[in-house]
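A quick write-up on the structure given underneath.
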Ligand SMILES: Cc1cc2nc3c(=O)[nH]c(=O)nc-3n(C[C@H](O)[C@H](O)[C@H](O)COP(=O)(O)OP(=O)(O)OC[C@H]3O[C@@H](n4cnc5c(N)ncnc54)[C@H](O)[C@@H]3O)c2cc1C
C-alpha cells in the first residue's frame, strides 16, 4: 500500500518550503520532497546568495505559518525604491526618482532576507510540525492520476498517494512535464550576477535600481555585515559580459561594479562569492491538471525586477490555501483546480508581460532608446495618481 497524505509538494526551494509551512499550519498532512538537501549556511559551496525581498502582502502569510517570528530579526526593511537612469554617455545618474512607502501606509514596501537564511529558518519551522514530513534527498519521479487521487513515485522507490500534488519543483518542473503541461519561454541572452557587498555610505533602507544597458543593476538593503553597511546586488548583463564579470579578479570587479553603481554608495567591496543565474521569462499554459497545481517557478519565471518572482509565488500559495480551507473536502478536485487557474492565470500573464517590457527597456543599447526610457520614467513619475498606482501594482495589492 502506498503511503498517503493530503498534499505532496514536489520541490523544497523557497516556494516549496513556504507552501509546506503554510499547508502544514492549516492542518493538512503534507509530504515535501527535494533531491537537493537545502544549504543553510552563507559561506559554503552551493549556498544561494540571492536575497528575497518579501513585499508587504507576504507578511500576513508568513505570520500565519509561523515563519515571520523566525525571520523578522534578520530582515532589512525597504522604505524607499529608487530608480536611476544612467543611460547617458557616462555612467552617471541623469534621472533619479524615489517611490516612498510612506505615500501608501506606515509600513515599508517589504523586507529583504538572504535565501540561505530563509532555507535555514523554514527547515527549522517544518521540523516543529508533526503533520509535515520534509524529505531532502528524495525526488519525485513519476505521476499517475485518477479523478480521486494522485500517485507519485519517489526516487527511493516508494510511492505516495495524495489528494493534491503541488509542483514547486522549479522552472524545469518534472511534475509539470509529467502532467503534460506546456510552457512558453522567452530567452533574453542575459544572465544575472548575485552577490553581497559592503559600502561606506549607508543605504538608509533605500533599494536602488540603476538602468544603463544590458539590464538593471539593483542594490537591495541587507543588515550590516561585519560592522559595515551592506547590500545584496543583482547585476544583469548580456551573457558574455556577465561571464567576463564573473571571471574578473576581485579588485578589477570591484572597480567595475563601483562604476556601474554610479558611485552612489562609495567604493563597493565584495562580501561574498559571486553567483550567476540565467534569465528567462516563462509561463505555463495551464496552472493545473488532474490533481496537480503548479506554483512558483514551475508556473512562471520572470527576470528579477521589482521583487516580483517569489512574491507572485506567494500569490499562488495564498490562492491555493484559501481554496483548500474554504472547502477542505474538495482538496485537489477539478472544481478547486479550475478555480485556481481562473484566479491566477490572467494576473500572472499580466505581470510576466509587464516585467518583460521593463527588462527590454532596461537592456536597450541605442542612445535614442535610452533617452526615451529616461523621458518615460520622468513622465510616469510626475503624475502622482499614476505613481501611486504603480506602487500598489508593484506590491500586488491592485
Ligand atoms: C538573481 C535572482 C534574484 C531574485 N530576487 C528575487 C527577489 O528579490 N524577490 C523575489 O520575490 N524573487 C526573486 N527572485 C525569484 C526567486 O528567486 C524565485 O522566484 C524563487 O527562488 C522561487 O523559486 P522556486 O522555489 O519556485 O524554484 P527553485 O528555487 O528552483 O526550487 C525548485 C526546487 O525543486 C527541486 N526539484 C527539482 N526537481 C525535483 C524533483 N523531481 N522532485 C522534487 N524536487 C525537485 C530543486 O532541487 C529545487 O530545490 C530572484 C531570482 C533571481 C534569478
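The values are calculated or read from the model by the stated rules, or taken from the named source; none is laboratory data. Since the structure is predicted, the reported quantities are computational estimates derived from the model, not experimental observations. So basically every Cβ, Gly included, is an ideal-geometry build from the backbone, and we count neighbours across all protein chains shown.
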Self-check item: Listing of helices (runs of 4 or more DSSP H) fully contained in segment 56-141 that carry 1 or more residues being within 20 Å of the chain's Cα centre (by Cα) and more than 25 Å from residue 37 (Cβ to Cβ)
Solution: 58-64
Practice problem: Only one of these is more than 13 Å from the ligand (Cβ to nearest atom) and buried (at least 22 other Cβ atoms within 10 Å of the Cβ): 110, 60, 66, 87. Name it. | Solution: 87
Exercise. Could you check residue 190 against (1) surrounded by 22 or more Cβ atoms within 10 Å (Cβ to Cβ); (2) part of a strand (DSSP E or B); (3) within 12 Å of the ligand (Cβ to nearest atom) and say which number it fails?
Key: (1)
Quiz item: Inside segment 1-25, can you point out the residues that are in a loop (DSSP other than H, G, I, E, B) and near the ligand (Cβ under 10 Å from one of its atoms)?
Solution: 11, 12, 13
Self-check item: The lone exception for residue 178 - which of (1) farther than 23 Å from residue 234 by Cβ; (2) at pLDDT below 95 it fails
Solution: (2)
Quiz item: So which strands (runs of 3 or more DSSP E) are wholly in segment 205-296 and hold at least 1 residues that are within 16 Å of the ligand (Cβ to nearest atom) and surrounded by fewer than 16 Cβ atoms within 10 Å (Cβ to Cβ)?
Solution: 217-225, 275-284
Practice problem: Out of 54, 28, report the one residue that is within 15 Å of the ligand (Cβ to nearest atom), touching a residue at least 40 places away in the same chain (Cβ under 8 Å) and touching a strand residue (DSSP E or B) at 6+ places or on another chain (Cβ under 6 Å). | Solution: 54
Quiz item: Of the residues that sit in segment 297-312 and are in a helix (DSSP H, G or I) and modelled with pLDDT under 95, which one is farthest from residue 112 (Cα to Cα)?
Solution: 312
Quiz item: Applying the selection to segment 301-358, what residues are without any contact (Cβ under 8 Å) to a residue 40 or more places away in the chain, within 16 Å of the ligand (Cβ to nearest atom) and more than 30 Å from residue 193 (Cα to Cα)?
Solution: 319
Quiz item: Which condition does residue 362 not pass, out of (1) within 28 Å of residue 60 (Cα to Cα); (2) touching a residue at least 60 places away in the same chain (Cβ under 8 Å); (3) in contact with a strand residue (DSSP E or B) (Cβ under 8 Å, 6 or more places away or on another chain); (4) within 16 Å of the ligand (Cβ to nearest atom), if it passes all the others?
Solution: (1)
